[in-house]
1. Pick out, from Leu36, Ala56, Ile96, the residue whose Cα sits farthest towards the positive end of the charge dipole of region 15-112, with +1 on the Cβ of Lys and Arg and -1 on the Cβ of Asp and Glu.
2. What's the magnitude of the charge dipole for region 38-112 around its Cα centre, counting Lys and Arg as +1 and Asp and Glu as -1 at the beta-carbon? Answer in Debye, nearest 20.
3. Based on the Cβ-Cβ distance from Met1 to Ala42, what FRET efficiency comes out when R0 is 30 Å, to the nearest 0.05?
4. Amide H of Lys27: which non-local residues (sequence gap of 5 or more, or other chain) have their own amide H closer than 5 Å, using H built in the peptide plane?
5. My understanding is that a pair violates if its Cα-Cα distance is over 25 Å; which of Lys49/Lys83; Lys16/Lys52; Lys27/Lys98; Lys41/Lys98; Lys52/Lys83 do that in this structure?
6. Which aspartates and glutamates, on any chain, are close to Lys108 with Cα under 16 Å apart, when same-chain ones fewer than 8 places away are left out?
7. Over the chain, give the accessible area per residue in Å² for a 1.4 Å probe, as an integer.
8. If you filter region 1-78 for trypsin sites (Lys or Arg not before Pro), then keep DSSP loop positions with at most 12 other Cβ within 10 Å, what is left?
Amino acid sequence: MEARAYLRHARIAPRKVQIVMDLIRNKPVDEAVAILQHTPKAACEPLLKLVKSAMANAEHNFSMDKNSLYVAECFVTPGPTLKRVMPRAQGRAYRILKRTSHMTVVLKEIEE
């Protein structure tokens, strides 16, 4: 039994999210929440909401015990890239790529 939560089209680059996801993978949920609350990275805020959403899904939809949950899987995939133009010298235009992310968090119960 597993509980999932998704966040799609988050306006943050996947490689920045990946750094934070590596910190919480295979950790108990309460420890993962503590790590996310005290890590000064931009990706922590949406990830914290995502973990809390997955906890609520586990408790409400699957009647899991929230004290025995851990982060079984968490991964990020690139979403659509927004292409923007930055004016440069001598009339040139450089392309700016504003990357988006699709984040997934999977929680499972610890088996005794």
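1. Checking the options against the dipole of region 15-112, the answer is Ile96.
2. 1160
3. Taking R0 as 30 Å, the efficiency between Met1 and Ala42 is 0.40.
4. Sorted by chain and number, the residues that satisfy this are Val71.
5. Violating the 25 Å Cα-Cα cut-off are Lys49/Lys83; Lys27/Lys98; Lys52/Lys83.
6. Glu2, Asp30, Glu31, Glu59, Asp65, Glu73
7. 65
8. Arg11
The values are calculated or read from the model by the stated rules, or taken from the named source; none is laboratory data. In this text the structure is predicted, and so the values were computed from the model without any measurement. In this analysis, Cβ positions are derived from the backbone assuming ideal geometry, glycine residues included, and neighbour counts consider all displayed protein chains. These accessible areas exclude ligands, DNA and RNA; they are computed on the full protein's heavy atoms, side chains included. Shrake-Rupley method; radii C 1.70, N 1.55, O 1.52, S 1.80 Å.
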